[in-house]
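As structure tokens, the structure follows; a few thoughts come after it.
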Amino acid sequence: MQEAKDKMNRGYKDSVFVDLFNDKKYLLDLYRHLHPEDSGVSEDDVKNITISNVLAGKMHNDLGFTAGNRFMILVEEQSSWSDNIVWRLLIYVAETYKKYFNETSYNLFSTTVKEIPKPEFYVVYTGENPKITINKISISEKFFNGEKIPLDLEATVITNDNPLGGVLSEYMNFVAIVEEQIKIYGRTEKAIKEAVKICKDTNILKEYLEKRESEVISMLDGYYSQEDVTNMMLREAEDIGKEKGAREAAVGMAADGISLETIAKIVKYPLDTVKMWVGSSKARI
């Protein structure tokens, strides 16, 4: 398992989601679709403030930027939906404000209260299972039955069923096409290259992909490699847990006088393994 962890840490890097919006042109497009009423904003008014390493060991697919007096924070989820994503947002905004206070020399012990940027939260869900139909998610609703609590956070959920439009919608279509090609070719470089070709041919993120094709292929390969390693680690942990439970049960049944042959059938492990477990337990006693 340690080897798997080392492999995952070596593959740690930004996602296509983050890399795409490193370009101010696309960042401005994103903001204008989130706030179409704010038509006077230019590229000079938006600033990428994405924070690295908020959650160690995970590929960066959290995006932060400022526009006027707003902190805009988006997280992408490509795997199965989890309501715990609101905690990820909470951790992110805490780190964002911490960085802001440090950079602006904001004195938290001062009696003077200054205006600070207002946060907005978004979850970009590009997974397939389960189908997400909610438009909002909050800590109070999901974890405290809607009770008013001293600390809350609400996020807007963006999916292909309630698309935002613009570059973000193109990106979400791109992810869907990648997943379609993976179903055909497996998690291979061929699948990624086919997806990139299809997107360029159909004018989905065409300009970005023409500029960053090799980097995109590398980032996606890293993402899926990381996901495979994570799943392998989870399976290994599950297997260890099952073996520990079976061993404890076997030792307990042996102490109650049940035959080793019967125990082996019950716990579904080889008789020699059960004998070793019981023998080691007696040796410790």
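Structural remarks
- Scanning the stretch 163-203 for residues that are of a type in the set (V, I, T) and either in a helix (DSSP H, G or I) or more than 23 Å from the chain's Cα centre (by Cα) (or both) returns V167, V175, I177, V178, I182, I184, I192, V196, I198, T202.
- K136 passes every criterion in (1) closer than 24 Å to I204 by Cα; (2) in contact with a strand residue (DSSP E or B) (Cβ under 7 Å, 6 or more places away or on another chain) apart from (1).
- Filtered residues of the stretch 113-126 (kept if part of a loop (DSSP other than H, G, I, E, B) and closer than 25 Å to Y100 by Cβ): V113, K114, E115, I116, P117
- Selection count where residues are of a type in the set (S, T, Y) and open to solvent by 90 Å² or more (accessible area, probe 1.4 Å), scope the stretch 136-154: 0
Table: residues versus (1) closer than 17 Å to L34 by Cβ; (2) in a loop (DSSP other than H, G, I, E, B); (3) modelled with pLDDT of 90 or more.
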{"residue": "R88", "(1), (2), (3)": "no, no, no"}
{"residue": "K98", "(1), (2), (3)": "no, no, yes"}
{"residue": "F101", "(1), (2), (3)": "no, no, yes"}
{"residue": "E128", "(1), (2), (3)": "no, yes, no"}
{"residue": "I134", "(1), (2), (3)": "no, yes, no"}
{"residue": "I137", "(1), (2), (3)": "yes, no, yes"}
{"residue": "K148", "(1), (2), (3)": "no, yes, yes"}
{"residue": "D161", "(1), (2), (3)": "no, yes, no"}
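- Being assigned to a helix (DSSP H, G or I), open to solvent by less than 50 Å² (accessible area, probe 1.4 Å) and not small (G, A, S) is a property that does not hold for L63.
- Where T230 falls short, out of the listed (1) more than 21 Å from the chain's Cα centre (by Cα); (2) of a type in the set (S, T, Y); (3) at pLDDT below 90: (1)
- Near pairs, Cβ below 7 angstrom, 6+ apart or cross-chain, from the stretch 33-59 (farther than 22 Å from S15 by Cα and of a type in the set (D, E)) to any residue that is assigned to a strand (DSSP E or B) and modelled with pLDDT of 90 or more: D45/A67
The values are calculated or read from the model by the stated rules, or taken from the named source; none is laboratory data. Every value quoted in this text rests on a predicted model; they were computed, and no experiment measured them. Cβ atoms come from the backbone with ideal geometry, glycine included; neighbour counts cover every protein chain shown. Side chains are part of the model used for accessible areas, which takes the heavy atoms of the whole protein and leaves out ligands, DNA and RNA. Shrake-Rupley method; radii C 1.70, N 1.55, O 1.52, S 1.80 Å.
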